[in-house]
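**Q** Have a look at this one before I ask anything.
What follows draws every value from the coordinates through simple rules; no lab data is involved. Source: prediction; values computed, not measured. Here the Cβ is made from the backbone with ideal geometry for all residues, glycine too, and neighbour counts use every protein chain on show.
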Amino acid sequence: MIGPNTHLQGKTTIGERCQIDGSAFITDMEIGDEVLLKFSVVLTGSRIDRGAIIGPFAHLRPGTHLGRNVHIGNFVEAKAAQVGDGTKANHLTYLGDVTIGRDTNIGAGTITLQLRRLPKI
């Protein structure tokens, strides 16, 4: 089921028995079977495996891979994140350049990122 005001662009594939609630912007995505995309998600250049639940108001940026049955909640952003099966980041989280194992619970307000060393002056 694809809700109103949903934009599917690029090389996007959607598996079987998926639900997209609406107002979604989806570009170059690989979406597995039985995935629920809640209202107003932005998804680009990533992969979502079977049974995941995303949103509302979530943003997946390029290079992200979500395993089976992952829950990404409201106002969660992921960039180049590898998230293991069954992991949950339910709200207000940034997952950048990170690998997270399976069955992990990410608390609200968590920020992960790759630090780059600045050159010495």
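**Q** Fewest first, what order do 66, 115 take by the number of other Cβ atoms within 10 Å? All intermediate terms of the calculation are to be shown ahead of the outcome.
**A** Numbers: 66 29, 115 6.
Final ranking by Cβ density, sparse to dense: 115, 66.
**Q** If you don't mind, there's one more thing I want to ask. Under 25 °C and 0.890 mPa s, how fast does the chain diffuse according to Stokes-Einstein, given a Kirkwood radius computed over C-alpha pairs? Answer in µm²/s, whole number.
**A** Numbers: Rh = 14.1 Å.
Answer, rounded: 174 µm²/s.
**Q** Which translational diffusion coefficient, to the nearest whole µm²/s, is obtained for the stretch 1-50 from the Stokes-Einstein equation, given a Kirkwood hydrodynamic radius over C-alpha pairs, 37 °C and 0.692 mPa s?
**A** Working: Rh = 10.4 Å.
After rounding, the answer is 316 µm²/s.
**Q** Something else now. Counting pairs of alpha carbon atoms under 8 Å apart in space and at least six apart in sequence, what relative contact order in percent does the chain give?
**A** Working: 402 pairs, mean separation 17.0, N = 121.
Here the relative contact order equals 14 percent.
**Q** Further question on the same structure: Extension gain residue 13-residue 108, at 0.36 nm per residue separation less the Cα-Cα distance, in nm?
**A** Working: separation 95, 0.36 × 95 = 34.20 nm, distance 3.05 nm.
The residue 13-residue 108 span can extend by a further 31.2 nm.
**Q** Over the chain, with a Gaussian network built from C-alpha contacts below 10 Å, which listed residue (87, 27, 104) shows the highest mean-square fluctuation?
**A** Result for the chain, Cα springs under 10 Å: 104 fluctuates most.
**Q** Next up: Gain in length, residue 92 to residue 117, computed as 0.36 nm per residue apart minus the alpha-carbon separation, to one decimal in nm? Let's see the in-between values first.
**A** Values: separation 25, 0.36 × 25 = 9.00 nm, distance 2.66 nm.
Gain on stretching residue 92 to residue 117: 6.3 nm.
**Q** For the stretch 1-58 and the stretch 60-84, write down the distance between their C-alpha centroids in whole Å.
**A** 12 Å
**Q** For the chain, with a Gaussian network of springs between Cα atoms less than 10 Å apart, report the residue from 107, 67, 51 with the top mean-square fluctuation.
**A** Highest fluctuation of the listed residues: 107.
**Q** In what sequence do 16, 34 fall when counting other Cβ within 10 Å, fewest first? Please list the in-between numbers first.
**A** Values: 16 9, 34 17.
So the residues, fewest neighbours to most, are 16, 34.
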